[in-house]
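A short write-up of the structure that comes next.
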Amino acid sequence: MCIRDRLVDSLRSHIESGGWPVGTRIPPEQALIEELGVGRSTLREALGALVHLGLLEARKGDGTYVRSASELQSVMVRRASAAQRDNVLELRTVLEEYASGTAALRRSEEQLAQLKELLADADAACAGEDMAAAGSVDALFHRAVVRASGNDLLVEVYDYLGTALTSSLGGLPWEATGAEDHAELHRRLVDAIEA
């Protein structure tokens, strides 16, 4: 493996671990050259590769910023943003249906308790007619079901896709009129996962 490839891997690991959080500017080129002990052209090639992968964004005259903590997240956000809303909803449905069935087989007692707690939180938000809070609890509930599946790759894909889903579906209102029907479906899902 050449020096540039090792540097790309090292910088990618640094980004993924949160060493440079998403949205922050990375240190200036000269500081990185001194810190990493590499040449200017090697550093520029490595940074260019990370820009190409969607992890970094070079802003002319302003520096280089961390755009995403993962290549997968970067690709999924970009792809979901370009997709039709119905297609994004269908993909979410497929992932959640599979995760629900798997969660029924693999969930722990702690995960089941968390799902029940989220149901109570959703009921409280709807009773108080706080539809923004209800929408937030709903997102937490769906993520908790996926995590209860025990499939780490599915959890990772769903978490990365969650950012894209939020962006793509952000315009969908959370309406009080369907909230009770929605809550009943969630209760039945938790009952099935428990059984």
Label-point gap, in nm, between residue 3 and residue 52 - each point 7 angstrom along Cα→Cβ: 1.9 nm
State, in angstrom, two size descriptors of the chain derived from its alpha carbons: Rg to one decimal place and Dmax to the nearest whole number. 20.9, 62
Once you put a point 7 Å from the Cα of residue 24 and another 7 Å from the Cα of residue 108, both along the Cβ direction, what distance in nm separates them? 3.0 nm
How far is helix 131-148 tilted, in degrees, relative to the longest principal axis of the Cα atoms in the chain, given as a value from 0 to 90 rounded to the nearest 10? 80 degrees
Stretched out fully, how many nm does the piece from residue 98 to residue 65 gain, at 0.36 nm a residue minus the Cα gap? 8.3 nm
Round to a whole number: what % of the accessible area of the chain belongs to carbon and sulfur, probe 1.4 Å? 52 percent
Degrees between helix 3-16 axis and first principal axis of the chain (Cα, 0 to 90, nearest 10): 30 degrees
Expressed per residue, the solvent accessible area of the chain in Å² (1.4 Å probe) is about 58 Å²
Between 0 and 90 degrees, rounded to the nearest ten: what's the tilt of helix 179-194 against the longest Cα principal axis of the chain? 80 degrees
Ranked by accessible surface with a 1.4 Å probe, highest first, in what order do 36, 47 come? 36, 47
Accessible surface, 1.4 Å probe, highest first, among residues 93, 102: 93, 102
Picking from 15, 99, 37, whose Cα lies most toward the positive end of the charge dipole for segment 1-111 (charges on Cβ: Lys, Arg +1; Asp, Glu -1)? 37
Provide the solvent-accessible area of residue 91, counting protein heavy atoms only and rolling a 1.4 Å probe, rounded to the nearest 10 Å². 80 Å²
Inter-part distance where segment 1-49 and segment 59-98 are each reduced to a Cα centre, Å: 23 Å
As an exercise, use a Förster radius of 30 Å and the Cβ-Cβ distance of residue 124 and residue 152 to find the FRET efficiency, rounded to the nearest 0.05. 0.45
P(r) weight above 13 Å for segment 15-83, C-alpha pairs, percent: 66 percent
Could you run the Debye sum over the Cα atoms of segment 84-145, one equal point scatterer each and no solvent, and tell me log10 of I(q)/I(0) at q = 0.15, 0.21 Å⁻¹, two decimals? -0.54, -0.90
By how many nm would the segment from residue 191 to residue 83 grow when fully extended, if each residue of separation counts as 0.36 nm and the alpha-carbon distance is taken off? 35.5 nm
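The values are calculated or read from the model by the stated rules, or taken from the named source; none is laboratory data. Computed from a predicted model, the values in this text were never measured in an experiment. With ideal geometry, Cβ positions are generated from the backbone for all residues, glycine too; neighbour counts draw on all protein chains shown. Protein only, heavy atoms only, side chains kept; ligands, DNA and RNA dropped before computing areas. Shrake-Rupley method; radii C 1.70, N 1.55, O 1.52, S 1.80 Å.
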